[in-house]
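Taking it in order: structure first as structure tokens, then the write-up.
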Amino acid sequence: MKKNLPIAVTGMGCICAAGAHVDESATSLFEGKRNLRPPSRFKSTRKETYPVFEVPDDFLPAKLRKREDIHLTSKLAVAAAYEAIENAGLSIGQLAKKRVGVCVGTTVGSSMNNEDFYREFRNGGNPDMVPITRYLRSNPASAIAREFLLKGPCQTVVNACSSGTDAIGIGLSWIRSGICDIVVAGGTDELCRVTFNGFISLMITDDSPCKPFDKYRKGLNLGEGAGILVLESERSYQERKGRIRSYILGYGASTDAYHLTAPHPNGEGLRRALKEVMTSCNVQATEISFVNAHGTGTSDNDRVESNVLNELLPGVLFLSTKGYTGHTLGAAGAIEAVFTIACLEMGRIPANAGFSVHDPDLPVSPVKKTTSFQGTIALSQSLAFGGSNGVLLFKRG
């Protein structure tokens, strides 16, 4: 295995509340658009109003919108995969001749959207099995593999909020080890009532637009969507003269081994993951142009990230894009990887949405306006429940 071999990203796709595809999403970020609204697909008995970043139905291609055999989580993944594969200039015929793997991260993954079925069953009824069949066909990695007839390794990663980042890291290892020529990798998740109420019960949800790293931050806004990257070996993209959008230089991962939901107070796990990826890639802090931080808007996360960034990457620009998408859970790391690559290509990053007042308890603050940068390397990082930390290091293609 060529442990430190940079791997090309030849295509990417994204669907989220900010846009139906990558370019539309990037435009929303730089125009400061925040498409929050009350959830429309499910009801809550709570009196408080908690806005979410919901993907409008018309963002999905019509052929996916009408399908009833898979849940929305898989529809979002397939939609982003169509964009990424088309963006890479690949056809199904070309994919059929390659060793193509699929690795997709998710968290809830639609598993909580069969409440009506179970309620009827517990009440002695005989519910239709369609919801169960739909659930069993809604493994997002399998849904992509079926859609594009991909017959390489197929894996779904369920590792809380670092799932999308971890899935891309696993895909990276498949290319490096020679298992695959191409990997379709990323993350996807949809909103549901159980998730919505669960985060509210943890008292880390903001009833107004979230404010990552701001003094008056109150928590996160939930969101949904999918981000997909096409990773490709050098031999594969050279044979077909494919375009390179970016390189993944490396992936770092660690576990805090500290708490079920809270990050380690000193950010020990994140620190290890950052050091791992920077050391393995021989990249110095001064070479990093910006960091796309996890930046949930919760008190603990933002404090930990701010302290670690100040210690290991002093003076490096950073932001959270969750102010434009909400926290998309298993999709977050993948969507943010897409945004990181897009920003590297443009040479600028958008304002950290929601940030206006510096928190004196945080040593550093994110960018308040669109900011240009010099350089070609950037980090995208994810912190998850269970203490999981995942970091991806990208270089402009």
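The values are calculated or read from the model by the stated rules, or taken from the named source; none is laboratory data. Note that the coordinates shown come from a computational prediction; the quantities given were computed from them, not determined experimentally. Virtual Cβ from ideal backbone geometry, glycine too; neighbours counted across all protein chains shown.
Of note:
- Only a single criterion out of (1) surrounded by fewer than 18 Cβ atoms within 10 Å (Cβ to Cβ); (2) of a type in the set (S, T, N, Q); (3) at pLDDT below 95 is not satisfied by Ser177, namely (3).
- Some residue of the stretch 361-379 being crowded, with 24+ Cβ neighbours inside 10 Å, among the aromatic types (Phe, Trp, Tyr), touching a residue at least 24 places away in the same chain (Cβ under 8 Å) and over 23 Å from Ala273 (Cα atoms): no
- When the residues of the stretch 57-68 are filtered to those that are touching a residue at least 12 places away in the same chain (Cβ under 8 Å) and surrounded by 13 or more Cβ atoms within 10 Å (Cβ to Cβ), the one that is nearest to Leu220 (Cα to Cα) is Phe59.
- Looking across the stretch 305-321, the residues that are assigned to a helix (DSSP H, G or I) and either at pLDDT below 95 or out of contact with any His (no Cβ under 7 Å at 6 or more places or on another chain) (or both) come down to Ser306, Asn307, Val308, Leu309, Asn310, Glu311, Leu312.
- Selection from the stretch 30-66 of residues that are within 13 Å of Gly326 (Cβ to Cβ) and aliphatic (A, V, I, L, M): Leu36, Val52, Val55
- Residue within the stretch 4-23 that is acidic (Asp, Glu), within 17 Å of the chain's Cα centre (by Cα) and under 19 Å from Cys343 (Cβ atoms) present: yes
- Of all residues in the stretch 305-331 being within 18 Å of Leu36 (Cβ to Cβ) and either of a type in the set (Ser, Thr, Tyr) or touching a helix residue (DSSP H, G or I) at 6+ places or on another chain (Cβ under 6 Å) (or both), the one that is surrounded by the most Cβ atoms within 10 Å (Cβ to Cβ): Ala331
Residue-wise test of (1) of a type in the set (Gly, Ala, Ser); (2) modelled with pLDDT of 95 or more; (3) assigned to a helix (DSSP H, G or I); (4) closer than 19 Å to Leu229 by Cβ.
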| site | (1), (2), (3), (4) |
| --- | --- |
| Thr133 | no, no, yes, no |
| Glu147 | no, yes, yes, yes |
| Gly152 | yes, yes, no, yes |
| Gly164 | yes, yes, yes, yes |
| Ile170 | no, yes, yes, yes |
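- Extreme residue, modelled with the lowest pLDDT, among residues of the stretch 87-118 that are over 28 Å from His327 (Cβ atoms) and not small (Gly, Ala, Ser): Ile92
- No other residue among Val100, Val108 is touching a residue at least 12 places away in the same chain (Cβ under 8 Å) and over 16 Å from the mean Cα position of the chain (by Cα) apart from Val100.
- Of all residues in the stretch 191-236 being outside any loop (DSSP other than H, G, I, E, B) and among the basic types (Lys, Arg), the one that is surrounded by the fewest Cβ atoms within 10 Å (Cβ to Cβ): Arg235
- Candidates Ala342, Ala378, Ala332, Ala353: the one that is modelled with pLDDT of 95 or more, among the aliphatic types (A, V, I, L, M) and under 13 Å from the mean Cα position of the chain (by Cα) is Ala332.
- Flag if Ala88 is free of Cβ contacts under 8 Å to residues at least 24 places away in the same chain, of a type in the set (A, V, I, L, M) and either surrounded by fewer than 20 Cβ atoms within 10 Å (Cβ to Cβ) or in contact with a Ser or Thr (Cβ under 6 Å, 6 or more places away or on another chain) (or both): no
- Which listed residue is in contact with a strand residue (DSSP E or B) (Cβ under 7 Å, 6 or more places away or on another chain) and of a type in the set (Phe, Trp, Tyr), from Phe117, Phe213, Phe121, Phe199: Phe199
- When Asn139, Asn126, Asn114 are checked against the criterion of being surrounded by fewer than 22 Cβ atoms within 10 Å (Cβ to Cβ), within 27 Å of Ala79 (Cα to Cα) and not aliphatic (A, V, I, L, M), a single residue qualifies: Asn114.
- Residues that are touching an Asp or Glu at 6+ places or on another chain (Cβ under 6 Å), buried (at least 24 other Cβ atoms within 10 Å of the Cβ) and not in a strand (DSSP E or B) occur at least once in the stretch 181-190.
- Of residues in the stretch 39-56 being without any contact (Cβ under 8 Å) to a residue 24 or more places away in the chain and either exposed (fewer than 11 other Cβ atoms within 10 Å of the Cβ) or not assigned by TED's automatic domain parsing to the domain that holds Ala77 (or both), the one nearest to Ser356 (Cα to Cα): Lys47
- Residues that are out of contact with any strand residue (DSSP E or B) (no Cβ under 7 Å at 6 or more places or on another chain) and touching a residue at least 24 places away in the same chain (Cβ under 8 Å) were ranked within the stretch 142-172; the one that is surrounded by the fewest Cβ atoms within 10 Å (Cβ to Cβ) is Leu149.
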